[in-house]
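Before any comments, here is the structure.
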Amino acid sequence: MEQSKGDLAKTVISIMALCSLITAVFWIVRPFLAATIWATFIAVSTWPLLLRVQKTLWGKRGLAVAVMTLALLLVALLPFLGAVATLINNGDAIANFAKALPAYHLPPPPGFLEKVPVVGAKAATGWEKLAEGGMQGLMDKVSPYAMKVAQWFAAKVGSMGVLFVQFLLTVVITAVLYASGENAAATVRAFLHRLLGQRGDDLVPLIAGAIRGVAMGVVVTALAQAFFGGIGLAIAGVPFAGPLTAAMLILCIAQVGPGLVLIPAVIWAFYSLGTGWGIFLLFWSLVAMTMDNFLKPVLIKSGAPIPLLVVFAGVLGGLMTLGLVGIFVGPVVLAVARALFLAWLEWDGGMAPPPGGEA
């Protein structure tokens, strides 16, 4: 009996020591956690591309890592530098537009707006009220909210230094994973095998496929929508097409869509460029806003055999709970949980998984 009590105390103390050690390790590496997660998703998503680059560069992993790291830096920095250059080159135009804005009179609503089902009448009434109050009245109403937005932006700009350091840290960790990705994958596979046996081995390709599927479905679709919408803005002659394209890319990645940019641009085109350009930009915008309905499912399915409902729930749930990184974390967690649930159903001759539901 005494020996049993001693064994219990030893077990409890060992578990407490292990939990304390894990907590201490997590506390120490917490500043690097976000960068490590981003680097892992970037490395896994672009690993096939790294292997192709390595094959092109005479099988030299070091050269391939250098090229991929440089490409990652350029992909992140070039849009930012382009937006800054656009603002600098159009500084006079922005200033003149700001001076002329209070004297601008909003035209009456177009005739077709009131005929739009459900929302047309309310939209036309609101438009007429804005036109009667003039731009100055609109600015008076918007100014309190604009002040809050300016304060939020100032707070974010104040943390730009931290964000830049996190970005550089992500690039460094990504380069390390590029250089030793096989060892990292072997470590993950060994850990999952130790934890779950053969099921753990089956989860490794599932996790990689989920990450690549989300990267292809979310990021590539966002790039396609933003690029297509930006081309339409440029063809129609909408001012500041470059920064607006960057804004569309951010909105598409956040699963909001490009409509917040394209719809005001269409309204502006009708009254500033004429009916012809307005109709052109309207149809172009409809294609840009709806192309994700058929493009995203195809790209996600190319990564892993995961139901689209699981992926979309993971993307939206992860985005709302964890922020931007949750776009990748959410689908991976749900995909792994689903695979383990199906394995549990099959345990010891249980029921078979549903058709098309193999992990």
Exercise. Multiply the residue separation of Ala9 and Asn293 by 0.36 nm, subtract the distance between their alpha-carbon atoms, and state the gained length in nm to one decimal.
Key: 96.4 nm
Quiz item: Using a ≥ b ≥ c from the Cα gyration tensor of segment 154-286 (square roots of the eigenvalues), is it rounded, prolate or oblate, where a/c under 1.5 gives rounded and otherwise the larger of a/b and b/c decides, a/b for prolate?
Solution: prolate
Quiz item: Simple spin-label model, 7 Å along Cα-to-Cβ: Val172 to Ile22 in nm?
Solution: 2.8
Self-check item: Ordering of 207-219, 290-302 by packing [mean C-beta count within 10 Å, highest first]
Solution: 207-219, 290-302
Self-check item: Contour minus Cα-Cα distance for Leu223 and Asp201 (0.36 nm per residue)
Solution: 4.6 nm
Quiz prompt | Förster radius 25 Å - calculated FRET efficiency between Ala185 and Leu345, Cβ distance, rounded to 0.05 | solution = 0.35
Quiz item: Residue separation times 0.36 nm, minus the C-alpha to C-alpha distance between Met320 and Ile263: what's the value?
Solution: 18.1 nm
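FYI, it's all coordinate maths here, none of it is from the lab. Keep in mind that this is a model prediction, so the values were computed, not measured. For neighbour counting, all protein chains shown are included, and Cβ atoms are generated from backbone atoms with ideal geometry for every residue, glycine included.
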